[in-house]
1. Are any of the pairs 423/480; 92/270; 223/281 more than 30 Å apart by Cα-Cα distance, and if so, which?
2. Calculate how steeply helix 274-284 sits against the longest principal axis of the alpha-carbon atoms of the chain, using the helix alpha-carbon long axis, and give the answer as 0 to 90 degrees to the nearest 10.
3. Angle between the Cα long axis of helix 16-28 and the longest principal axis of the chain, 0 to 90 degrees, nearest 10?
4. Given points 7 Å out from each Cα along the Cα-Cβ axis, report the residue 465 to residue 258 separation in nanometres with one decimal.
5. To the nearest 10 degrees, how steeply does helix 358-370 sit against the main Cα axis of the chain, on a 0 to 90 scale?
6. Step by step: find N for segment 423-531, compute 2.2 N^0.38 Å, then divide the Cα radius of gyration by it. What's the final number?
7. Label 7 Å along Cα→Cβ of residue 213; segment 229-253 residues with amide nitrogen under 19 Å?
8. I'd like to compare 28-39, 307-318: which one has the highest average count of other Cβ atoms within 10 Å, and what's the full order after that?
Amino acid sequence: MKYIVVTGGVISGLGKGITTSSIGKLLQARGLKVTAIKIDPYLNYDAGTMNPYQHGEVFVLEDGGEVDLDLGNYERFLDTNLTFDHNITTGKVYLTVIERERKGEYLGKTVQIIPHITEEIKRRIKKIALETMADVVLVEIGGTVGDIESMPFLEAVRQLRREEGERNVLFVHTTLVPSLDVVGEQKTKPTQHSVKELRSLGIQPDIIVGRSKQPLKEDTKRKISLFCDVPYEAVISAPDARSIYEVPLIFEEQRLGDYILGRMQLWGEKPDWKDWKRFLKNLYNPEYEVRVGIVGKYVHLKDSYISHREAFTHVAAKLKTKIDLKWVDSETLEEKGTDVLENVDAILIPGGFGRRGTEGKILAAQYARENKIPFLGVCFGFQMAVIEFARNVLGYEDAHSTELSKTDHPVIDLLPEQRGIDKLGGTMRLGAQKVLIERGSMAYKIYRSEVIYERHRHRYEVNPDYIDQFEKAGLHFSGKDESGTRMEIFELKDHPFYMGSQFHPEYKSRPLNPSPLHLALIKAALKTKKS
Ligand code: GLN
């Protein structure tokens, strides 16, 4: 088993996840089987209960795991499906150890961070290696070296190197190399300090990835090499890139893939970047342009909707279209009206929770419906469009979701199995679920299949009591679950493109295989767009 551990220094938000994903891509391009683990040193058990405004989007896996958004990056770069176990948190580790202690499994011993917590961390990492049979397991440690929370994890990977051997565990350290604007001189001191910190924990990095505005100068690389004691070839430049998907190629140019193979004594094929390069070429040379309004509550932190953003990037390359995303705060829309949507060619309402800003979303759905603007509602957005239709077409003025308000017309209501649940963590309808699509429908044209699996994360759904009325008025449910009682997709008659899905198609979008619904939305926008 081989492991590559990625740590970060100086500041957070350096793009360690992209570095990890890109290294994975280099190895995968050489025919190796790779997988990735994200370690999050926070005490939460999982990301499910975390506010997207603080931590960015909660990513959902096939198995229903609610995880850190970096797993989304791994899945997109490596075109693979991961499982909940690929996100290790302090919460998961401690819970296991404490439960074991309560069962008396430590036989009276004093339970300690070393060795008990570190053993549990290593057990979880090795379990993934065994289960996936990957040639290389990437392990990204969240946070920055020096954080109190990450100490046990760094100690665990230090032990891992001792146990598995130098050839089998490689340490990659990502740091910031700032430059002083006036002269553009690149400063290596923060990197030196960060490596010193890492060494004090017993870890000497094998590779240093320097994040900087401009590519690292030769002189800067030499300095880092000398002061941090890594070979010159192992100092890798990671300048700001036009697209995150270019980073693997930037690394490839610096022969990082070959270097890693050499260090780990791995054999690989000659990499073939044809498809990846074509993807970037299309992305960088658009022939068309559309503007999409995304109406949400968390628009001020772009990572809150990262999977939608990426899905649109994938579509952009596929359709050679520049997709300009206009982030619209639903509360602003609520106060100031739909003027902000005037020059958009399509509207998307993403998932969400809670009452704040919902009237703005409902207004946006109405605006799109009445003005025949291509529209996609996802999960909460799907529910908002259903409420809008009930209010303004069926005439139920007080129509609402029981998540948000008491009403005589609960067109969106709690899932039956949710009724007795009082715990909020991990209790929604989660992960990949089977959706049956009606032949001949718009959804069928888009998915070209009668059976699809898409990822879910919800507690509420369309109230079956109202379905007949919706159908009669033209809101057609073309996707349902196997029982036929759960509405999964709607499409509106007499509208160029007005669709919604109870599931989240954005989670499964991949660079070379974009989300079908996002793709269809943009195709419709290109057709209806007033030039
Ligand atoms: N709050 C809604 C529900 O629980 C929608 C959830 C979402 O958009 N992910 O059903």
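1. On the way: 423/480 27 Å; 92/270 39 Å; 223/281 34 Å.
Pairs exceeding the cut-off: 92/270; 223/281.
2. Once rounded, one gets 60 degrees.
3. Around 80 degrees separate the two axes.
4. 7.0
5. The angle comes out at about 60 degrees.
6. Cα Rg divided by the expected 2.2 N^0.38 Å: 1.12.
7. What the label zone holds, given the 19 Å backbone N cut-off, is 237-243.
8. Result, highest mean Cβ count within 10 Å first: 307-318, 28-39.
Readers should treat all values here as calculations from the given coordinates under stated rules, not as data from a laboratory. Quantities reported herein were computed from a predicted structural model and do not represent experimental measurements. Every residue, glycine as well, gets a Cβ built from its backbone with ideal geometry; the counts of neighbours run over all protein chains shown.
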